[in-house]
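A.B. asks: Take a look at this one; I'll ask things after.
The values are calculated or read from the model by the stated rules, or taken from the named source; none is laboratory data. All figures in this text were calculated on a predicted structure; none of them were measured in a lab. So basically every Cβ, Gly included, is an ideal-geometry build from the backbone, and we count neighbours across all protein chains shown. Heavy atoms of the whole protein, side chains included, go into the accessibility calculation; ligands, DNA and RNA do not. Shrake-Rupley method; radii C 1.70, N 1.55, O 1.52, S 1.80 Å.
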Amino acid sequence: MANLQAAGDPVNPHQDGHFDLPRTDCSSVTVDSEMEHQDSTIETRPRTLLDGASAHELRTPDSVPQVSLSSPTHVPDTTPILPEAAIPSRGFLSLIPHEFARRHLILSAGCDGTPPDEVEQLLITERTSPAAIYNVGVTLQRAVRTSIGGPESIAAAIDRVYLAAEEDSPRASDTPEVTVMGSSDVDRELSDAISETERDLLSTHGKAPAVRLVDLILFEALLRDASDIHIQPVRGRTLIRYRLDGALYTVRELPGSMATALVSRIKVMAQLNVAEHRAPQDGRATVTVGSKSGDRGGPHPGPDGAQASGWAGRRVDLRISTLPSTYGERVVIRLLDPSKSPHVLSFAALGMPSDVERPYLAQVDRPNGIVLVTGPTGSGKTTTLYTTLAWISSSNTSGNTSGSKTGDRDPSQLRSEGRATDVGGVGVAGCGRGGGRAGRGGCELNMMTVEDPVEYDLSGAGLSVSQTQVDAKRGVTFATGLRHILRQDPDVIMVGEIRDEETARMAVQASLTGHLVMSTLHTNDAPSAVARLVDLGVEPFLVSSSLSAVLAQRLVRRVHRRCEGKGCEDCLGSGYRGRTGVFELLVCDAAMKELVQTRYSTGEVAAVAIKSGMRTLKQHGDALIAEGLTTVAEVARVIAASEEVQT
């Protein structure tokens, strides 16, 4: 697609007074010299909409067959329009990027008339490109009338109106939003959509069947509580896979010819480059689950025969990654459903037992120190940290407003009353703040994070947490992000991962200067985290002084109660449905701190921790097996293949 630039060769008129654009070069657009008058009218009647407009330049298709430009007609000069008094139309502000308007010094002064005879009043300068004017008319799909003004005043007016529009926007976000239509019969409609898409592949018209097929795949994945969707082209087939409870299942096999249509639709949703097939791309989108006419947002059949009611209007964030492969591009979509985000959970909902929860909350209740959560990718570390942030935020906010005097009561006592660690509401009022931040009178805290990526928007849940996204291209890493956070007067800091010496040292120094730092490490168990910090270059005496606790965790699948673990259609024959946490908490008490400062082995650290009351991952897994919540095979698979799980 070629950019519209300055006017080129003149366009020959027809007898009817219209100009035809050249088919090979859309940039050669010439407007009559009457543009130099105070007012002129350019009427556009394009047959196609512009696609692919970026924040830098509006574009048209390379070939626009028979798109005509009406002959400019001089409009008698009336009252001049002052740029400072211009009130742009809503369509102009939403469709024309700020940078484009600023570069070409072109601004709407409002829209006159009624559809289909609307006319957009544009303020331009004498040097504004006619191609830019034409491009605006094509994008707005209406005729335009121009008035010439001073460059400085127009530039100032452009900045003013776009700034005001951004401030008035309810949600400033670069994430594209798409509506996904639900269904009352997903299986039947998926089969129909697959057939329609296959028939439509050779059609020159729109790709509505492919759009509907992607909608239904997303909707089915949400109904099944999938965390990821994989679209994988292989020889002669396209596999549709869902990751359910940490395990990957192939749920459908589509014809290989459908892969391109599906990938293209997903790229459009995430505003990725549809024409790029040889390089990986990453993007994001927000989808809103709608309802088909006639469904009225009613109940949809969900897993276990339940009705997935209330889907209409639900918003889900998507993280999209494409990667070229031998048989075409494959796509992985991470589904992040805010309705199931950690801020609505409690530690009990995570599966954390009270004998782990109580000492863990005692450590995160301290005003300084480092608390680490360890485990492999996908073990729920970020969920635990988010829940912890929500608990800290709610505790301080509630303690500041409720006047509750529960600070001297430990979490286990409040938990027995059903409100110890409910991080989403008033149940946390003053909870557990007596020995830590309760000394500050339940004051609010400045809590900040640096993450890669930001998986859930905690501020959208009413939590006062500032979240920063790692962006290596712009020089924002965990280390640099943490360095700048320390200049923001933080109380609580969450670092997505400690993966290098610089980040480790800065986290230690931050904890020693009065900040509570929470982060993650990739280690197999809690005792290994101590050695890992030393391996990263942190001196043992600094580890001893700063480390408060290490929480190791895994997620194991729960036995499906409906089929009693025998396997059924709802659990895809696996016998499992849902997951729960397995935890191991190492608290750095006096004995542990003394050991860390000397020469030690991981085994010695583990022995001292167990002697102090630490329950290992294996022991917690055994307890879950005894309760009938999971199986021996599942615990062996998740915790360690080399460990023998006792029955």
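A.B. asks: Going through the cross-link list K267/K381; K381/K618; K473/K593; K381/K566; K267/K566, which pairs have a Cα-Cα distance over 28 Å in this structure?
C.D. replies: K267/K381; K473/K593; K381/K566; K267/K566
A.B. asks: Right, next: Heavy atoms only, probe 1.4 angstrom, no DNA, RNA or ligands counted: give me V638, V289 ranked by accessible area, highest first.
C.D. replies: Result, largest first: V638, V289.
A.B. asks: Please report the base-10 log of the normalised intensity I(q)/I(0) for region 512-639, using a Debye sum with one equal scatterer per alpha carbon and no solvent, at each q in 0.17 (1/Å).
C.D. replies: Listed by q, the Debye log ratios stand at -0.86.
A.B. asks: I'd like the distance separating the alpha-carbon centroids of region 77-127 and region 517-591, in whole Å.
C.D. replies: 58
A.B. asks: Magnitude of the Cβ-charge dipole of region 583-641, K/R +1 and D/E -1, about the Cα centre, nearest 20 debye?
C.D. replies: 140
A.B. asks: Based on the mean of other beta carbon atoms within 10 Å per residue, what is the order of 234-242, 134-142, most packed first?
C.D. replies: 134-142, 234-242
A.B. asks: Another one. Mind checking the alpha-carbon convex hull of region 458-513 and giving the volume per residue in Å³?
C.D. replies: 87
A.B. asks: Under the Karplus relation 6.51 cos²θ - 1.76 cosθ + 1.60, θ = phi - 60°, what is the ordered set of whole-Hz ³J(HN,Hα) values for region 538-551, x standing for Gly and Pro?
C.D. replies: Listing the rounded values in order: 8, 5, x, 5, 6, 4, 4, 6, 9, 6, 9, 7, 10, 10 Hz.
A.B. asks: Amide H neighbours of R237 under 5 Å, at least 5 residues apart or on other chains, H built in the peptide plane: list them.
C.D. replies: For R237, whose amide H was placed from the backbone, the distant partners under 5 Å are G256.
A.B. asks: To continue, here is another question. Name the GluC sites (Glu not before Pro) in region 542-630 that are in a loop by DSSP and that have at most 12 other C-beta atoms within 10 Å, would you?
C.D. replies: E564, E569, E627
A.B. asks: Taking +1 at the Cβ of each Lys and Arg and -1 at the Cβ of each Asp and Glu, which of G537, G565, S548 sits farthest along the dipole of region 527-595 towards its positive end, judged by Cα position relative to the Cα centre?
C.D. replies: Farthest towards the positive end: G565.
A.B. asks: What nm distance separates the two modelled labels at R103 and R599, each placed 7 Å from Cα along Cα→Cβ?
C.D. replies: Between R103 and R599, the label points sit 6.5 nm apart.
A.B. asks: Which loop trypsin sites (Lys or Arg not before Pro) in region 548-647, with loop taken from DSSP, have no more than 10 other Cβ atoms within 10 angstrom of their Cβ?
C.D. replies: R599
A.B. asks: Continuing with this model, one more query. Determine the per residue accessible area of region 448-487 with all protein chains present and a 1.4 angstrom probe, expressed in square angstrom.
C.D. replies: Solvent-accessible surface per residue comes out at 51 Å².
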